[in-house]
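The values are calculated or read from the model by the stated rules, or taken from the named source; none is laboratory data. Remember, it's a predicted structure, so these values are computed and weren't measured experimentally. All Cβ positions, even for glycine, are placed from backbone atoms using ideal geometry, and neighbour counts span all protein chains on display. All accessible areas refer to the heavy atoms of the entire protein, side chains included, with ligands and DNA or RNA removed. Shrake-Rupley method; radii C 1.70, N 1.55, O 1.52, S 1.80 Å.
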Amino acid sequence: MKDNYGRTIEYLRISVTDRCNQRCIHCMPEGGVALMEHGDILSYEEIGRVAAEAARLGVRKIRLTGGEPLVRPQLHRLVALLKETPGIETVVLTTNAVLLKDQLPDLLAAGLDGVNASLNAMDREAYRAFTGRDLFDPAMEGLQAALDTPDLKVKINCVPTIGREKQLIKLAGLARDTRASVRFIELMPIGMGGSLQGIEKDALLDLFQRSFGEPVRVPSTGSGTAAAEFETGTEHVEVPHSIAGPAEYVRFPGFLSDIGFISAVSHRFCEDCNRIRLTADGKLKSCLAFPAGEDVKEILRNGGSQQDISDAIVRCIQKKPEHHQFGLAKTEEDRLMSQIGG
Ligand code: SAM
Ligand code: SF4
């Protein structure tokens, strides 16, 4: 389905929980947040009903996120349900990877197509300082398990912040040593992000050049990474490089994969936005930076029909704003990334 600005909506991000086993400094306060009641969280079957209508309206790809999606029991059941939904072609996961190793076999059996692992430090102590938890080893084991799975798409996402340059260089080195591209995603003024200072693309590139030499820009076509598929942690875009705008991919000499710089805040690429979101408590959102649009939980729990769900999705898409307002005005969204489903 197209929205009012001619954008085709074919991507649904589903937050399955607002809970998390970490407390990353850019995302959640150490003291945690007021959590949703269990009864307020959509069941897998309820999510499946929404996904079925979204697919009928043209959604082809689903990303599961949170909070930390793997803390929700038996996530593989949801993956299987979504993969069986007519029209849904791809189901991927954004995770901190801490619980991934154990769950990966079930997720793969259910048909999971890809994993974006969020990683912001490469040393145990730096990892603990960033995430508030001493879970570096299981996170790396989860990432390694994903990398060891031949047909699974794997990407690494990092949000660069001032003062952590040594870690950022080490993280960039993962693109030298593994098949995963490493994407540096601009800090957003959401949740705890507002209290930190991010690092802009040019400064990062400069930092990496000093360690890795002169990179080449990844050409717009003809390489193994011909399509730019990038996720800001909150925004996800899949477009050819030729129109990828602010997403810049480079490859350093001797590297196995690319490094991406994604500047969703400073370079709005809303004109290519192809997604809507479903929060764990059943709110459909047309844009990360705007308040929830439609309450599908109300519909689901008050005897609503599939047509009622479809109508709500259509209303949500029709309300999709032309662009976000980060940096221009105070965002209307006051929930944390972990509550919206980053
Ligand atoms: N827990 C999972 C994870 O960390 O991948 C999934 C949810 S998390 C909210 C999704 C992504 O949002 C992560 O990559 C995280 O770094 C990113 N994120 C959280 N707060 C952010 C902020 N203020 N600006 C940019 N990205 C942010
Ligand atoms: Fe949890 Fe992901 Fe937020 Fe870190 S970024 S606190 S892992 S939801």
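Taking the 1.4 Å solvent-accessible surface of the stretch 120-162 as the whole, the part contributed by carbon and sulfur is 51%. Taking other residues whose beta carbon is less than 12 angstrom from the beta carbon of Gly132, and scoring Lys, Arg as +1 and Asp, Glu as -1, yields +1. Taking a point 7 Å from the Cα of His38 along the Cα-to-Cβ direction, the residues of the stretch 254-288 with backbone N closer than 19 Å to it are 280-282. Among Lys2/Lys83; Lys61/Lys319; Lys101/Lys319; Lys83/Lys155; Lys101/Lys170; Lys83/Lys170, which pairs are too far apart, with a Cα-Cα distance over 28 Å? As for pairs spanning more than 28 Å Cα to Cα, those are Lys101/Lys319; Lys83/Lys170. Computed from the C-beta positions of Asp134 and Val216, the FRET efficiency with R₀ = 35 Å rounds to 0.35.
When Leu108, Leu207, Leu284 are compared by accessible surface with a 1.4 Å probe, the order from highest to lowest is Leu108, Leu207, Leu284.
Fully extending the segment from Ala109 to Ile169 would add 18.1 nm, taking 0.36 nm per residue of separation and subtracting the current Cα-Cα distance.
Were the residues from Arg77 through Arg315 laid out at 0.36 nm apart, the gain over their Cα-Cα distance would be 82.8 nm. Estimated at the nearest 10 Å², the accessible area of Glu200 is 120 Å² with a 1.4 Å probe.
Among the protein heavy atoms, those of Asp102 account for about 130 Å² of accessible surface (1.4 Å probe, every chain in place). Compute the signed sum of charges (Lys and Arg +1, Asp and Glu -1) over the other residues within less than 15 Å, Cβ to Cβ, of Gln144. So the surrounding residues net to -2.
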